[in-house]
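No value in this document is a laboratory result; all are computed from the given coordinates. All values derive from a computational prediction rather than experimental measurement. Ideal geometry is used to build each Cβ from the backbone, glycine not excepted, and the neighbour counts take in all protein chains shown.
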Amino acid sequence: MSAVKLQSVITCPECGRAKEETMPVDACQWRYACVQCHAELRPKAGDCCVFCSYGTEKCPPIQQRAGSPVG
């Protein structure tokens, strides 16, 4: 199992601004305000958080689930 990545570059779909952020380790983040255009990002349908929708890495809970052995 690989280590959980806590850094993700989140990209605003409105203005294209990309910013590296540290993800919370024990929760999903449902909202994110772009530092440039102030758009409020919310997860896309089917995603648990803004990092899963707009980040370069999935959130830590999803990374942990993906790395867990089945059974």
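Looking only at residues in segment 32-47 that are in contact (Cβ under 8 Å) with a residue 24 or more places away in the chain and hydrophobic (A, V, I, L, M, F, W, C), which one is surrounded by the most Cβ atoms within 10 Å (Cβ to Cβ)? Spell out how you get there, then give the answer.
Of all residues in segment 32-47, those in contact (Cβ under 8 Å) with a residue 24 or more places away in the chain come to 36-37, 39, 41.
Narrowing the set further to residues that are hydrophobic (A, V, I, L, M, F, W, C) leaves 37, 39, 41.
Numbers: Cys37: 11, Ala39: 14, Leu41: 21.
Only one residue tops the list, namely Leu41.
Test Cys15 against the criterion of being hydrophobic (A, V, I, L, M, F, W, C), surrounded by fewer than 14 Cβ atoms within 10 Å (Cβ to Cβ) and more than 11 Å from the chain's Cα centre (by Cα), and give yes or no. Step through it out loud before you land on a result.
Details: hydrophobic (A, V, I, L, M, F, W, C): yes; surrounded by fewer than 14 Cβ atoms within 10 Å (Cβ to Cβ): yes; more than 11 Å from the chain's Cα centre (by Cα): yes.
Answer is yes for this residue.
As an exercise: evaluate Val4 against (1) surrounded by 13 or more Cβ atoms within 10 Å (Cβ to Cβ); (2) in contact with a Ser or Thr (Cβ under 6 Å, 6 or more places away or on another chain) and give the number of the one condition it does not meet.
So the condition that Val4 fails would be (2).
Filter segment 48-66 for residues that are in a helix (DSSP H, G or I), crowded, with 17+ Cβ neighbours inside 10 Å and not β-branched (Val, Ile, Thr) and give the result. Break it down stepwise before answering.
Start the filter on segment 48-66 by keeping residues that are in a helix (DSSP H, G or I), which leaves 50-54, 60-66.
Filter again for crowded, with 17+ Cβ neighbours inside 10 Å, leaving 50-54, 60-63.
Those that are in a helix (DSSP H, G or I), crowded, with 17+ Cβ neighbours inside 10 Å and not β-branched (Val, Ile, Thr): Phe51, Cys52, Ser53, Tyr54, Pro60, Pro61, Gln63.
For Gln29, are the conditions met, namely being assigned to a helix (DSSP H, G or I), among the polar types (S, T, N, Q) and under 13 Å from Ser8 (Cα atoms)? Before you say what the answer is, go through the steps one by one.
Values: assigned to a helix (DSSP H, G or I): no; among the polar types (S, T, N, Q): yes; under 13 Å from Ser8 (Cα atoms): yes.
So Gln29 fails the test.
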